[in-house]
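Taking it in order: structure first as structure tokens, then the write-up.
The values are calculated or read from the model by the stated rules, or taken from the named source; none is laboratory data. Remember, predicted model here, so these are calculated numbers, not experimental data. Counting neighbours? That spans all protein chains shown, and the Cβs are built from the backbone with ideal geometry, glycine included. These area figures cover heavy atoms from the full protein model, side chains too; ligands, DNA and RNA do not enter into them. Shrake-Rupley method; radii C 1.70, N 1.55, O 1.52, S 1.80 Å.
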Amino acid sequence: MSGSVFVKKITEFSNTYHGPFVTKIYAFDEISSTNAKLRSLAIQGADEGTVVIAQTQRKGRGRFDRVWQSPKGGVYLSLLLRPKAPLEKTSLLTYVAALAVTHTIRSFNLPARIKWPNDVLVHQKKIAGILLESETRDAHVSYVIVGIGVNLNTNLAHLKADVRTNATSVQQEHGFPIDYDEFLTTFLHQFDHFYRLFSLGRSDQIIDAWKQQSDTLGKRIKIQTMNDMIQGTAVDVDESGFLLLKTAEGTTVRVTSGDCTVIDES
Ligand code: BTN
């Protein structure tokens, strides 16, 4: 479908984009999943800064193997990173991606906040999701794929009812559509900014910025991890990006990943 309006538009964008981060953009009218496509490009040796963008996805994937519904109007893209930082720092990329998306949405005058670790909410409804997939070899990171799904000009009626109840879109919030290219340009600049901090080892600045946008700190939450359900108050994030939860017993638990639900706002 290389002649589609969407592909032409992104090709034109790619030819005129002179901003940072991007080395090559692949655009698709429809694809199975931008993350899956970028993974195969990464295996073939694609460079850092390779981007895959699609107008719709047939098999968009979310965290915990959930489906990411991907109707027209949304932004579905994946970015390829080949970070030089030590393996243990990679979890901070979750925060880098969440910050880039949040700052982009905020630049369109919406009060976006981050639900730990990287869901982006506006008025407590999900507006964007992030899926990181990485490959490690001999204790170092070979590549990281950062998959971003944003409900930009998404008509919420095109989402299934169970998702729709807790979702919103930029268009829905504003009442008018947003220019896709402008959104993309802003996002790529924001991503470059935070990824640069990461590459310079400025974890402190990333964590500080994340805390400022956090919707989770100070709240009582429960986190479903791979093997456990942990409950407590989210008190802080440490320099490695672990969330610190204070349990009812008074102990502090460090959590690296999981599915977070707010119990109450205390
Ligand atoms: C989540 O909140 O569960 C993460 C959703 C991530 C969705 C994006 S859309 C672009 C990229 N390709 C995918 O298949 N998933 C990510």
**Study point:** Residue-averaged [θ]222 nm for the chain, counting only DSSP H segments that reach four residues, each worth -39500 (n - 2.57)
**Key:** -9000 deg cm²/dmol
Revision key, fill the gap. Expressed in angstrom, Rg and Dmax over the Cα atoms of the chain are 18.0, 61
Point to revise | Spin-label pair Asp47/Ser107, simplified geometry with 7 Å Cα→Cβ offset, distance in nm | key: 2.3
Check your understanding: Hey, any idea what % of the range 5-213's accessible area is carbon plus sulfur with a 1.4 Å probe?
Key -> 48
Check your understanding: If you take the charge dipole of the chain about its Cα centre, with +1 on Lys and Arg Cβ and -1 on Asp and Glu Cβ, which of Thr233, Pro71, Ala128 is farthest toward its positive end?
Key -> Pro71
**Study point:** Per residue value of the accessible surface for the chain (all protein chains in place, 1.4 Å probe), Å²
**Key:** 48
Exercise for review: Provide the gained length on full extension for the span His18 to Thr252, in nm with one decimal, where the gain is 0.36 nm per separating residue minus the Cα-Cα distance.
Suggested key: 79.6 nm
**Study point:** Amide H contacts of Lys219 (H built 1.01 Å from N, under 5 Å, at least 5 apart or other chain)
**Key:** Ala234
Review point. Given the pairs Lys72/Lys125; Lys24/Lys160; Lys59/Lys160; Lys125/Lys222; Lys59/Lys126; Lys89/Lys211, which span a C-alpha to C-alpha distance of over 24 angstrom in this model?
Key: Lys24/Lys160
Point to revise | Bins of 5 Å, starting at 0 and running to the largest distance - Cα pair percent for the range 159-224 | key: 3, 12, 11, 15, 19, 20, 15, 5, 1
Exercise for review: Would you mind counting up the charge near Asp179? Only other residues with Cβ under 14 Å from its Cβ, with Lys and Arg at +1 and Asp and Glu at -1.
Suggested key: -2
Study note, to complete from the structure: Once the mean of 1/r over all distinct C-alpha pairs in the range 40-113 is inverted, the Kirkwood radius in Å reads 14.6
